[in-house]
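Engineer: Sharing a structure here in structure tokens format.
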Amino acid sequence: MAGSAVTSSNATALVDPDLARAADHLAARHTPSAADPARCSALGCAEAFPCLVARFAARAAVAARASRREAWTARLDAVTAGIQLTLPARV
Ligand SMILES: [Zn+2]
């Protein structure tokens, strides 16, 4: 087990690729507004930036690379906060 070839690539391995893609998608949508950088630019959001979704996306991106437990916890947090993790049909 100590000589496993997988060990060297673990740093970039995604534990939960779907969560990572959803986090990237959310982070791309929830960015500071050009007109008012203190506000989120996403339609229907307009919270103070970083908004709840932007903060979740940053944490989920880390969790998706951390461990199954962290990824699962992030998914549960999304459900609790009402954040949809579904991706668009075409990315
Ligand atoms: Zn937002």
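The values are calculated or read from the model by the stated rules, or taken from the named source; none is laboratory data. Just so you know, these numbers come straight off a predicted model, no measurement behind them. Using ideal geometry, Cβ is built from the backbone for each residue, glycine included, and neighbour counts are taken over all protein chains shown. Areas reflect the complete protein model, heavy atoms only, side chains present, ligands, DNA and RNA absent. Shrake-Rupley method; radii C 1.70, N 1.55, O 1.52, S 1.80 Å.
Engineer: What pairs come out if I take residues in the range 45-67 that are touching a residue at least 40 places away in the same chain (Cβ under 8 Å) and pair them with residues that are not in a helix (DSSP H, G or I) whose C-beta lies under 7 Å away, six or more apart or interchain?
Structural biologist: A64/L14; A64/V15; A64/D16; R65/L14; R65/V15; A66/V15; S67/V15
Engineer: Residue by residue through the range 71-88, note down the ones that are more than 13 Å from A61 (Cβ to Cβ) and small (G, A, S).
Structural biologist: A81, G82
Engineer: Moving to a separate point now. Restricting attention to the range 51-70, which residues are within 13 Å of L26 (Cβ to Cβ), open to solvent by 20 Å² or more (accessible area, probe 1.4 Å) and either near the ligand (Cβ under 8 Å from one of its atoms) or β-branched (V, I, T) (or both)?
Structural biologist: Within the range 51-70, L52, V53 meet the criteria.
Engineer: Another question, if that's okay. Would you check which residues across the range 39-49 are more than 8 Å from the ligand (Cβ to nearest atom) and either of a type in the set (S, T, N, Q) or open to solvent by 60 Å² or more (accessible area, probe 1.4 Å) (or both) and list them?
Structural biologist: Within the range 39-49, R39, L43, G44 meet the criteria.
Engineer: Restricting attention to the range 71-78, does a residue exist that is of a type in the set (F, W, Y), away from the ligand (no atom under 14 Å from the Cβ) and over 11 Å from the mean Cα position of the chain (by Cα)?
Structural biologist: Looking through the range 71-78, at least one residue is of a type in the set (F, W, Y), away from the ligand (no atom under 14 Å from the Cβ) and over 11 Å from the mean Cα position of the chain (by Cα).
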